[in-house]
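Novice: Let me give you the structure first, and then I'll get to my questions.
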């Protein structure tokens, strides 16, 4: 399967703590993207990292990519209650016309 | 710019009826993607369309499902003779070109088949 697979599936943390989730994939990618989905809503694009990049930052988000291990991590620093959501990684593979999504991580930030 | 608009937000159909889901892409976007999300699952690709053309429908079930993106008007995902297993959230995304750098998703249509 080319789909990204996130680990862990569910994460519960206190407000102010950092949240880290990982994603692995099986075949070469063009880029990898992380999305957030609040309950009952659509997906919001958070950050994209290209295959030739190793790390990227956006506000409180930090994404790393290790193409040798075919894995990525998303770090949310100083979490807030509003960060409570499901987080999905999605991979764009060469030759495909679509993003392949993992099953998602449910993150709950306790105020 | 109103973003990607999907309607209806919620749709209830009885088994055997037809469901029509609409997606209006962002202004200037000519590429549309449909995804399906089952409960507790990620999004599964269904179909990729450009204006008047189906580019990739490898994720579409062979029967009962069809999609179009006419020259004028929204993209339509049509499900004929719905069954309970079709109950899911259907999301549309649009982008200005083939590269996935700029996907924008709509809020989805939640289809319930009773």
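Novice: Take the Cα of residue B:87, step 7 Å along the line toward its Cβ, and report every residue of segment B:1-29 whose backbone nitrogen sits under 12 Å from that point.
Specialist: B:12-15
Novice: Can you give the mean number of other chain Cβ atoms that lie within 10 Å of the Cβ atoms in peptide B:29-38?
Specialist: 2
Novice: Among bridges DSSP assigns within chain B, what percent are antiparallel (round to 5)? Display every interim value, and only then the final one.
Specialist: Values: 34 of 38 bridges.
Given both bridge residues lie in chain B, the antiparallel proportion sits at roughly 90 percent.
Novice: With the alpha-carbon atoms as the only input, what is the per residue convex hull volume for the protein assembly as shown in Å³?
Specialist: Each residue corresponds to 124 Å³ of Cα convex hull volume.
Novice: While we're on this one: Which three extents, in angstrom, do the Cα atoms of chain B have along their principal axes, listed largest first?
Specialist: 37, 25, 23
Novice: Would you calculate the convex hull of the Cα atoms in segment B:21-82 and tell me its volume per residue in Å³?
Specialist: Looking at segment B:21-82, the number lands at 93 Å³ per residue.
Novice: For a quick protection proxy, order the peptides A:50-56, A:66-72 by their average other-Cβ count within 10 Å, most packed first.
Specialist: Highest mean packing first, the order is A:66-72, A:50-56.
Novice: Still on this structure, I have one more. If you take each beta carbon of peptide A:40-53 and count the beta carbons of other chains within 10 angstrom, what is the mean? Please list the in-between numbers first.
Specialist: Values: counts 5, 4, 13, 11, 2, 7, 0, 0, 4, 0, 1, 0, 0, 0.
The per-residue average across the peptide is 3.
Novice: Separate question: Give or take rounding to whole Å, what are the principal axis extents of the alpha carbon atoms in chain A, in descending order?
Specialist: In descending order, the Cα extents are 43, 28, 20 Å.
Novice: Convex hull volume of the Cα atoms in segment A:29-78, per residue, in Å³? Intermediate results must be reported in sequence, preceding the final value.
Specialist: Values: hull volume 4.4 nm³, N = 50.
Considering the Cα atoms of segment A:29-78, their hull volume per residue is 88 Å³.
Novice: Report for chain A the percent antiparallel among DSSP-assigned beta bridges with both residues inside it, nearest 5.
Specialist: Of all bridge pairs located within chain A, approximately 90 percent are antiparallel.
Novice: When you look at the Cβ of every residue in A:98-108, what mean number of other chain Cβ atoms sits within 10 Å?
Specialist: Average neighbour count from other chains, rounded to a whole number: 4.
Every read-out reported here was derived from the displayed coordinates using simple, explicitly stated rules and does not represent laboratory data. On a predicted model such as this, the values are computed, not experimentally measured, just so you know. Because the Cβ atoms are built from the backbone with ideal geometry, glycine has one as well, and the counts that use them run over all protein chains shown.
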